[in-house]
Amino acid sequence: MAHLHWCDVTGHEWECQGAALRPLRGDTEPTPCYCINHQTLMEDGDHSQCSIELIACEEHREMQLRAMGYEPGQVPAPQIASDTEQSSMFVDKDGNRTVGFCLWCNKDFYSMEEVVAHNADDMAACEAFQELKGQQGMPPVLQAMFEQTGLLPKE
Ligand SMILES: [Zn+2]
Ligand SMILES: [Zn+2]
Ligand SMILES: [Zn+2]
Ligand SMILES: [Zn+2]
């Protein structure tokens with residue numbers, strides 16, 4: 001059964017058929033999606049009421065990778081000795097590991113639960129997103145990155 005993901009690059013939902021590519025984890029092939037709440041395959045059962053996993057959609061994936069400093073086609077190196085799902089390449093300004101950050105308000109996330117909470121109900125917890133949504137803009141953090149690198153996305 002198809003399920004939804006939240007693309008945090010521009011902030012929209014997209015439909016997934018059961019497996020998704022997670023390049024930020026070092027994956028080069030799509031892997032099956034698991035329900036964060038049930039810890040079972042998304043294909044098993046009904047997860048329409050469950051938390052939505054944050055993954056950039058196919059269209060915006062490359063944009064996200066570029067914004068993070070990767071060349072197109074280049075994927076982050078697989079993590080060595082990654083025995084926990086939580087391991088990631090992100091660190092906050094104090095050097096603490098994070099699982100990612102909000103492209104809208106630049107908030108650092110330290111666990112998937114924080115990510116899920118921040119993005120729940122159409123990102124109700126994100127003030128920056130609530131202010132800017134509907135204006136068809138790009139997330140401020142992403143915009144700043146593009147300005148820094150001189151990369152501007154194609155329309
Ligand atoms: Zn999926
Ligand atoms: Zn579920
Ligand atoms: Zn997208
Ligand atoms: Zn936010």
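What follows is calculated from the coordinates using simple rules that are stated; it is not laboratory data. This one's a predicted model, so the numbers in the text were calculated from it and none came from an experiment. Cβ placement follows ideal geometry from the backbone for every residue including glycine, while neighbour counts extend to all protein chains displayed.
If you take the residues in segment 97-137 that are in a loop (DSSP other than H, G, I, E, B), out of contact with any Lys or Arg (no Cβ under 8 Å at 6 or more places or on another chain) and hydrophobic (A, V, I, L, M, F, W, C), which one is nearest to ligand 1 (Cβ to nearest atom)? Spell out the reasoning first.
Step one: filter segment 97-137 for residues in a loop (DSSP other than H, G, I, E, B), giving 99, 102-107, 110-111, 124-126, 133-137.
Pick out the ones that are also out of contact with any Lys or Arg (no Cβ under 8 Å at 6 or more places or on another chain) and you get 99, 102-107, 111, 124-125, 133-137.
Next cut, hydrophobic (A, V, I, L, M, F, W, C) only: 99, 102-105, 124-125.
Working: 99: 18, 102: 21, 103: 20, 104: 22, 105: 25, 124: 22, 125: 23 Å.
Ranking the candidates gives 99 first.
Only residues that are without any contact (Cβ under 8 Å) to a residue 24 or more places away in the chain, part of a loop (DSSP other than H, G, I, E, B) and either away from ligand 1 (no atom under 11 Å from the Cβ) or not aliphatic (A, V, I, L, M) (or both): list them for segment 1-34, please.
Restricting attention to segment 1-34, the residues satisfying the condition of being without any contact (Cβ under 8 Å) to a residue 24 or more places away in the chain are 2, 15, 17, 19, 29-32, 34.
Subsequent filtering for residues that are part of a loop (DSSP other than H, G, I, E, B) retains 2, 17, 29-30.
Within segment 1-34, 17, 29, 30 meet the criteria.
Being surrounded by 17 or more Cβ atoms within 10 Å (Cβ to Cβ) and away from ligand 3 (no atom under 16 Å from the Cβ) is the filter here; which residues of segment 116-125 pass it?
Residues of segment 116-125 surrounded by 17 or more Cβ atoms within 10 Å (Cβ to Cβ): 116, 118-119, 123.
Passing the criteria: 116, 118.
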